[in-house]
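Enquirer: Below are the structure tokens for one structure; questions will follow.
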Amino acid sequence: MQSELLYKYPKTILNKGTGFLSGYTHSLNPYTGCAYGCSFCYVRQMPVSTFREGEWGRWVDVKKGAADLLQKELTRAKKKGKVTIFMSSSTDPYQPVEHEERITRSLLEVMAEDPPDFLFVQTRSPMARRDIDLFLRLKNKIRVSMTIETDREEIRKHFTPDAPAIRGRLKTLQLLKEAGVPAQATIAPLLPSSRSFPDLLREYVARVCIDDFFMGDGSGGRRTENLGIREKYEELGLEKWYDPVAYQKLMRRFQRVFPDEQIYVNRDGFMP
Ligand code: SF4
């Protein structure tokens, strides 16, 4: 679905890493808003969304001049000490409009020239493959985290109809692997999946991160409950997956296929 686009000239681009991201010195959001509008996205309840007109998922603000700002702020931050950056915490850096606007690419160009100590790129979009050349310039100072909540496309469509299809995300993981870019598959929030899901991911990654609504929404599952996600499970007759024990079941499935040291849970999977 088409999102409303606005062009903004922010005054700053690097934000302090706080809360869930307190393991990072900074977070970096090339856009405000997110065209993927995932049903479970609790950013819609945060001030960034509640102070803005328009339904979450239907608008995106493009941060013009972002690269110049980053260049200045990165230089300043590096003088003060270690700089670790999480991109992005309240949007996906690969918005559909990134094809034309190339804001994320311009930020990566700045970081390829003047690398931070670590960069975590969090996305659901196959578009990340476009920037493999820049990821490679960051060598081992980068990890690309590709969210794959489930291997079942019909489940993906039920919860995130406007997000990219799973097949393209897997293809991007394959290209990252072939290029030698450090990457992980992020099953967060975990959604109902098939038994063979771990075997599927095994072909693409040597690191997975598993998280659920109860550990991962920052409120023990309350935020997710308020979004009406239980009803979305009920519509499918899959309420048993909307339970803190579902994570343990999924863990056991992954432990059969991945060694323990390749399985990260909740916040550990997102840290530098
Ligand atoms: S991609 Fe991320 S930021 Fe965008 S709607 Fe989905 S969960 Fe929210």
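The values are calculated or read from the model by the stated rules, or taken from the named source; none is laboratory data. This is a predicted model, so every value here is computed, not measured. All Cβ positions, even for glycine, are placed from backbone atoms using ideal geometry, and neighbour counts span all protein chains on display.
Enquirer: In a loop (DSSP other than H, G, I, E, B), in contact with a Cys (Cβ under 9 Å, 6 or more places away or on another chain) and surrounded by 21 or more Cβ atoms within 10 Å (Cβ to Cβ) - does that describe any residue in the range 123-131? Quick ask: steps written out before the conclusion?
Expert: Pass one, the range 123-131, residues in a loop (DSSP other than H, G, I, E, B): 124-125.
Narrowing the set further to residues that are in contact with a Cys (Cβ under 9 Å, 6 or more places away or on another chain) leaves 124.
Going one step further and asking which of them are surrounded by 21 or more Cβ atoms within 10 Å (Cβ to Cβ), we end up with 124.
Scanning the range 123-131, I find at least one residue that is in a loop (DSSP other than H, G, I, E, B), in contact with a Cys (Cβ under 9 Å, 6 or more places away or on another chain) and surrounded by 21 or more Cβ atoms within 10 Å (Cβ to Cβ), so the answer is yes.
Enquirer: Does any residue in the range 84-96 that is part of a loop (DSSP other than H, G, I, E, B) come within less than 8 Å, Cβ to Cβ, of a residue that is basic (Lys, Arg) and near the ligand (Cβ under 10 Å from one of its atoms) six or more places away or on a different chain, and which pairs are these?
Expert: Close Cβ pairs satisfying both conditions: Asp92/Arg124; Tyr94/Arg124.
Enquirer: Still on this structure, please answer the following. Please tell me if Leu173 is under 27 Å from Ser27 (Cβ atoms) and in a helix (DSSP H, G or I).
Expert: yes
Enquirer: Return the residues of the range 117-136 that are within 16 Å of Gly269 (Cα to Cα) and out of contact with any helix residue (DSSP H, G or I) (no Cβ under 8 Å at 6 or more places or on another chain); say none if nothing qualifies.
Expert: Within the range 117-136, Thr123 is the sole residue that qualifies.
Enquirer: Just checking, which of Ala183, Ala188, Ala165, Ala206 is away from the ligand (no atom under 16 Å from the Cβ), modelled with pLDDT of 95 or more and within 16 Å of the chain's Cα centre (by Cα)?
Expert: Ala183
Enquirer: Does Arg44 satisfy the criteria of being outside any strand (DSSP E or B) and within 13 Å of the ligand (Cβ to nearest atom)?
Expert: Details: outside any strand (DSSP E or B): yes; within 13 Å of the ligand (Cβ to nearest atom): yes.
Considered against the rule, which asks whether it is outside any strand (DSSP E or B) and within 13 Å of the ligand (Cβ to nearest atom), Arg44 comes out as yes.
Enquirer: A further question on this structure: May I ask you to list the residues in the range 51-62 that are outside any loop (DSSP other than H, G, I, E, B) and either within 14 Å of the ligand (Cβ to nearest atom) or in contact with a Ser or Thr (Cβ under 6 Å, 6 or more places away or on another chain) (or both)?
Expert: The answer is Trp59, Val60, Asp61.
Enquirer: Just to check your reading of the model, which residue among Tyr36, Tyr24 is away from the ligand (no atom under 12 Å from the Cβ), under 18 Å from the mean Cα position of the chain (by Cα) and part of a loop (DSSP other than H, G, I, E, B)?
Expert: The unique qualifying residue is Tyr24.
Enquirer: Going by the structure shown, is Lys16 of a type in the set (Lys, Arg), touching an Asp or Glu at 6+ places or on another chain (Cβ under 8 Å) and more than 20 Å from Thr224 (Cα to Cα)? Give the derivation first.
Expert: Working: of a type in the set (Lys, Arg): yes; touching an Asp or Glu at 6+ places or on another chain (Cβ under 8 Å): no; more than 20 Å from Thr224 (Cα to Cα): yes.
Against the criterion (of a type in the set (Lys, Arg), touching an Asp or Glu at 6+ places or on another chain (Cβ under 8 Å) and more than 20 Å from Thr224 (Cα to Cα)), Lys16 does not qualify.
Yes/no matrix, rows are residues, columns are (1) within 16 Å of the ligand (Cβ to nearest atom); (2) farther than 15 Å from Pro164 by Cα; (3) basic (Lys, Arg); (4) not assigned by TED's automatic domain parsing to the domain that holds Asn15:
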{"position": "Met87", "(1), (2), (3), (4)": "yes, yes, no, no"}
{"position": "Tyr94", "(1), (2), (3), (4)": "yes, no, no, no"}
{"position": "Glu100", "(1), (2), (3), (4)": "no, yes, no, no"}
{"position": "Val110", "(1), (2), (3), (4)": "no, yes, no, no"}
{"position": "Leu119", "(1), (2), (3), (4)": "no, yes, no, no"}
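Enquirer: Quick one: would you say Leu14 is within 15 Å of the chain's Cα centre (by Cα) and either in the same structural domain as Glu149 (by TED's automatic domain parsing) or more than 13 Å from the ligand (Cβ to nearest atom) (or both)?
Expert: No: the conditions fail for Leu14.
Enquirer: Suppose we keep only residues that are touching a Leu at 6+ places or on another chain (Cβ under 8 Å) and free of Cβ contacts under 8 Å to residues at least 60 places away in the same chain within the range 202-224. Which one would you say is nearest to Asp260 (Cα to Cα)?
Expert: Ile210
Enquirer: Between a residue in the range 249-265 that is surrounded by 10 or more Cβ atoms within 10 Å (Cβ to Cβ) and any residue that is assigned to a helix (DSSP H, G or I) and among the charged types (D, E, K, R), which pairs come within a Cβ distance under 7 Å, given they are 6 or more apart or on different chains?
Expert: Matching pairs, first to second residue: Val257/Asp199; Val257/Arg202; Phe258/Arg202.
Enquirer: What are the residues in the range 39-72 that are of a type in the set (S, T, N, Q) and under 17 Å from the mean Cα position of the chain (by Cα), if any? Reasoning before the result, please.
Expert: If we filter the range 39-72 for residues that are of a type in the set (S, T, N, Q), which is where we start, we get 39, 45, 49-50, 71.
Residue satisfying the conditions is Ser39 alone.
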